[in-house]
Each structure stands twice: as structure tokens, then as C-alpha cells.
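The values are calculated or read from the model by the stated rules, or taken from the named source; none is laboratory data. Fair warning: this is a prediction, and the values are worked out from it, not measured in the lab. Glycine also receives a Cβ, built like all others from the backbone with ideal geometry; neighbour counts cover every protein chain displayed. Ligands, DNA and RNA are stripped out before the accessible areas are found, and what is left, the full protein with its side chains, is counted by its heavy atoms. Shrake-Rupley method; radii C 1.70, N 1.55, O 1.52, S 1.80 Å.
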Amino acid sequence: MISYRMEPGSIHLVRLNTGEDLLEGITSFASDAGIEAAWLTYLGAVSRASLRYYDQDERVYRDFEVAEHLEVLSGVGNVSLLDDEPFVHTHAAFADAAGNAVGGHLNSGTTVWALEVRIQELLGPALVREPDDCTALSLWGGTLSK
Ligand code: ZN
């Protein structure tokens, strides 16, 4: 286990524009605002979703698209540092017109229809992603002193 003690920083409320890429929009906001650590939630609607599922046996992402209008039931994520740049990791649950849910790890290519995002900055030690041998993912593991 690795844990970090963080203090709450500013809360940013952000509305992304219609047609914007969800992941790139949040990432560029975090980068422009100089946010290196944060927790975030969002809701709204997208006109298409691009998602990933991590295959734990094969240790590869399986990408899939949902090319229809969807409600964003719940999006959650965080910001940490990967290669010295703010990196947004987010998962979301979506619903179609019948209320059926689909979700996963959000990928580039998810197009915003309307989106309201709450980003809570976290202040404390550097939250750095590093290669993890066990999962083959980049996980928190950076230095505990900043
Ligand atoms: Zn993920």
C-alpha cells in the first residue's frame, strides 16, 4: 500500500463546450491551471463515448466505442503527474435512451454535448505515476517528499 496525506485546495467548476473532447478538455484545463493533483467528478451528456477495458490477464486495454447520444450518469477521476505532466485518469458510467448503462475507462474520442465538472485541487506531496510491474500500469508510486 502507498498512501499520501493531502490537504484540500481550490475547487474549480468547469463547463466544457459542445463538441469538445472530454478527456482533452479536462486535461488542458488542469494543465493551464497548473493543477498537479486533484480529484474530480462530472455529469452531463456526450454525443459519443470512447472507452477502454483493461484485460488483467493479457495486460492490455481493449478499446470500444459507443457511437450514440448518452447521458453521463457519473464520471469520476483524478489528476496526478505522469512524465512531469498533469495526467487525468477517469472512469464514467453512461446511459442510453432506454436507460441501459455502459461504462469504462475513458479514452480520447469522447465528444461532449454538455458537461459540468467539479475539480478539487489537492495540495501535498507530488503524486507521481510510475510503471508498476504487477499490473503493467502506471500507478502512484512517486516520492513522498516534494
Ligand atoms: Zn482506468
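With respect to the conditions (1) more than 16 Å from the ligand (Cβ to nearest atom); (2) among the β-branched types (Val, Ile, Thr); (3) open to solvent by 50 Å² or more (accessible area, probe 1.4 Å), residue 35 lacks only one, and its number is (3).
Exactly one residue among 92, 67, 101, 126 is more than 14 Å from the ligand (Cβ to nearest atom), closer than 23 Å to residue 19 by Cβ and small (Gly, Ala, Ser), and that residue is 67. Check the range 110-123 and report whether any residue there is under 26 Å from residue 140 (Cα atoms), touching a residue at least 24 places away in the same chain (Cβ under 8 Å) and within 13 Å of the ligand (Cβ to nearest atom). No, because not a single residue in the range 110-123 is under 26 Å from residue 140 (Cα atoms), touching a residue at least 24 places away in the same chain (Cβ under 8 Å) and within 13 Å of the ligand (Cβ to nearest atom).
For every residue, the table says whether it meets (1) small (Gly, Ala, Ser); (2) more than 29 Å from residue 65 (Cα to Cα); (3) at pLDDT below 95.
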site: 95; (1), (2), (3): yes, no, no
site: 101; (1), (2), (3): yes, no, no
site: 105; (1), (2), (3): no, no, no
site: 110; (1), (2), (3): no, no, no
site: 115; (1), (2), (3): no, no, no
site: 122; (1), (2), (3): no, yes, no
site: 145; (1), (2), (3): yes, yes, yes
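Just for the range 70-89: of the residues that are of a type in the set (A, V, I, L, M) and within 13 Å of the ligand (Cβ to nearest atom), which one is farthest from residue 123 (Cα to Cα)? Per the stated criteria, the residue is 76. With respect to being within 16 Å of the ligand (Cβ to nearest atom) and open to solvent by 30 Å² or more (accessible area, probe 1.4 Å), residue 27 fits the description.
Within the option set 2, 35, being modelled with pLDDT under 95, within 21 Å of residue 129 (Cα to Cα) and in a loop (DSSP other than H, G, I, E, B) holds for one residue only, 2.
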